Amino acid sequence: MPNPRLTGLGGGLFCAVSMFALACLDRLLFGASLTVYGALFLPVSALTAVWVRRGDLASGPVVVPIAFAAGLPPIAGGEGGPAAYLMGLVTALAMAAGWLYGGTLIAGVIVTVRKLRLMARRAAEREASMSRGTVAPRGGEAPRGAAAPGRTKAFREAAAPRGSEAPRGLGRPGTPGAQPHPSYDHAPARPRTPKPPAQPRRTVPRGF
C-alpha cells in the first residue's frame, strides 16, 4: 500500500485534482449526481489526512473543504451565463453540505489521532532518554558533555588555579624530601634608623 508524505500544499493539490477528476467521471457515468460526488469525497478526505506529513497535520482539515468546492464545477450545472453558473455552484454546495461536513470531520478526526500518537511517542522517547541519562551516540561518537578519558586529567591540570600550586622547591606537608614553608609570624621587627637633621647651606658673600 502506498504511504507517501505530502506537504500541506501537496495535500491540497492532491485532494483538489482527485475531486475534479471524480466530478468529471461522475458527470460522464452518473449524470452529475451530488450523492455520488459526496460519497467519493469521504475516502479522498481520509487519504489526504493519512498521507499528509507530520509537520503539516493542521493543514489537513483546511484543504479538504477547499478541494470539495474546487471539484464542483463539472457537476454544478447552470446555463445562461456566469451568474447562473455561480448560482448553480452555490446551490450544489448547499445541497451537498452534509457530505462536506462529513468529509471534513473525518479528516479532522484522523489528524487529531495522528497528532496524539505523535505526542505520545515523543514523550516516551524523552522519558527513555532521561532514564538512560544520555542520548544514544551516533556512529560511535561520544555523547555530548562527556569528555574523552585521556583528556580529562590534562584538562583538570590545565584548569587548576595557579594559587593552589606549590612553589618550586617547596612540597606539601608530609611529602618526603619537601622543604618546610618559611614562617614569617615570629620574625623580629627591625628598628627604623632615624634620618640625620638637614644641615644649613653656607652662603659666601660676593666680592670675596
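No value in this document is a laboratory result; all are computed from the given coordinates. This structure is a prediction, so every number in the text was calculated from the model and none was measured. Note that each Cβ is placed from the backbone with ideal geometry, even for glycine, and that neighbours are counted across all protein chains shown.
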Query raised in the report: Of A58, A49, which residue is among the aliphatic types (A, V, I, L, M) and surrounded by fewer than 19 Cβ atoms within 10 Å (Cβ to Cβ)?
Result: A58
Query raised in the report: Do we have A107 as in contact (Cβ under 8 Å) with a residue 12 or more places away in the chain, over 20 Å from A76 (Cα atoms) and surrounded by 10 or more Cβ atoms within 10 Å (Cβ to Cβ) here?
Result: yes
Query - Members of the range 1-49 found to be touching a helix residue (DSSP H, G or I) at 6+ places or on another chain (Cβ under 8 Å), of a type in the set (G, A, S) and not in a helix (DSSP H, G or I), listed by number - result: A32, S33
Report task. Please state which one of A70, A21 is small (G, A, S) and out of contact with any Phe, Trp or Tyr (no Cβ under 7 Å at 6 or more places or on another chain). Result -> A21
